[in-house]
Amino acid sequence: MVKVSQIASSLGLELVGEDIELVGYSQLADIKPNTLVFAKKFKDEFVEQLDGQKAIVAIVTPDYAGKLHCPHIVSPNARLDFIKAISKFFAAKPPQSGIHPTAVVEEGAVIGEGVTIGANCFVSSRCKIGDYTWLHPNVVLDNQVTVGKHCEIKSGVVVGQSGFGFERDADGQPVYFPHTGGVVIGDHVYIGANTCVDRGTMGNTYLDDYVKIDNLVHISHNCHLERGTFVVSGAFLGGGTHTGENCWLAANITVKEQTRINDRALVGLGAVVLKEVEEGAVMIGNPAKKLEKKH
């Protein structure tokens with residue numbers, strides 16, 4: 001159990017009401033006793049719902065100030081502070097560090113301090129894994145892969161294998177382009193389940209610090225995702241795609257090879273990007289076009 005005052009203090013915010021003990025967290029649609037919940041939008045029905053509960057604490061936006069009787073914490077970003085609170089006090093911790101007996105780590109691989117390598121993983125001899133990185137079961141790091149510190153790579157991820165690259169000869173027969181590059185992953189990178197990150201053909205594929213990738217994403221050879229970019233499930237990035245910092249690439253998008261997406265751009269659901277995206281632009285549709293603001 002944890003006192004609400006501890007949560008408020010860790011967030012640098014003020015507790016309004018009784019300092020009770022909590023056993024976990026729950027969602028607004030199904031509130032459990034002695035839990036932490038959050039309300040991002042103000043609705044009168046939410047006020048009634050929250051005040052009708054026993055022994056719960058809500059993290060709420062400033063719109064709720066002075067309108068709740070249950071214990072609560074007022075936050076300028078209720079969802080973010082809720083995430084911080086449950087991550088620190090209630091979320092499951094990674095398993096004890098070490099290499100599972102069924103994992104294959106080839107001789108020559110460099111494994112940092114506090115690394116966790118789950119069941120049935122494969123790490124090739126030319127790989128390097130930074131401190132406190134966590135490979136869930138069934139992860140493959142093949143060929144030349146460097147992973148930074150404090151990364152999390154979910155089950156079924158394959159990093160460093162060769163991508164798709166063929167040319168036809170004079171007889172029309174496909175000839176494969178050998179891939180000899182690697183993959184370089186920065187610190188605090190998250191890669192969701194069943195995602196593929198291809199090695200470079202020549203040179204490397206790069207995922208910079210704080211890049212976050214969802215499940216079922218394909219990152220082709222020689223892509224470069226700069227710091228803080230998010231890529232959501234079902235996205236396909238063609239070879240040589242280069243994003244700037246803090247971009248948002250939504251679900252089921254397609255990006256043509258050798259395309260640049262500049263800083264803080266947002267590519268909307270299912271968009272097909274065929275040409276460079278300017279800084280801060282919002283792109284929608286097929287082919288993707290800039291969404292113009294209405295004045």
* Asked: Do we find a residue being without any contact (Cβ under 8 Å) to a residue 24 or more places away in the chain, part of a loop (DSSP other than H, G, I, E, B), out of contact with any His (no Cβ under 9 Å at 6 or more places or on another chain) and more than 26 Å from ALA251 (Cα to Cα) anywhere in the range 221-229?
  -> no
* Asked: Say we look at the range 1-21 and pick out the residues that are without any contact (Cβ under 8 Å) to a residue 60 or more places away in the chain and either among the small types (Gly, Ala, Ser) or in a strand (DSSP E or B) (or both); which of these is surrounded by the fewest Cβ atoms within 10 Å (Cβ to Cβ)?
  -> GLY12
* To do: Could you grab the pairs with beta carbons closer than 9 Å, sequence gap of 6+ or different chains, first residue in the range 51-80 and within 13 Å of LYS40 (Cα to Cα), second one β-branched (Val, Ile, Thr) and part of a helix (DSSP H, G or I)?
  => ILE59/ILE7; TYR64/VAL47; ILE73/VAL4; ILE73/ILE7
* Is there a residue in the range 225-243 that is farther than 26 Å from VAL147 by Cβ, in contact with a Ser or Thr (Cβ under 8 Å, 6 or more places away or on another chain) and not charged (D, E, K, R)? -> no
* **Answer from VAL104, VAL123 - the residue that is surrounded by fewer than 17 Cβ atoms within 10 Å (Cβ to Cβ) and closer than 30 Å to ILE153 by Cβ** => VAL104
* Top-ranked residue in the range 126-165 [being among the hydroxyl-bearing types (Ser, Thr, Tyr) and out of contact with any strand residue (DSSP E or B) (no Cβ under 7 Å at 6 or more places or on another chain); ranked as most open to solvent (accessible area, probe 1.4 Å)] -> TYR132
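The values are calculated or read from the model by the stated rules, or taken from the named source; none is laboratory data. The model shown is predicted, which means the values in this text are computed figures rather than measured ones. Cβ: placed from backbone, ideal geometry, glycine included. Neighbour counts: every protein chain shown. These accessible areas exclude ligands, DNA and RNA; they are computed on the full protein's heavy atoms, side chains included. Shrake-Rupley method; radii C 1.70, N 1.55, O 1.52, S 1.80 Å.
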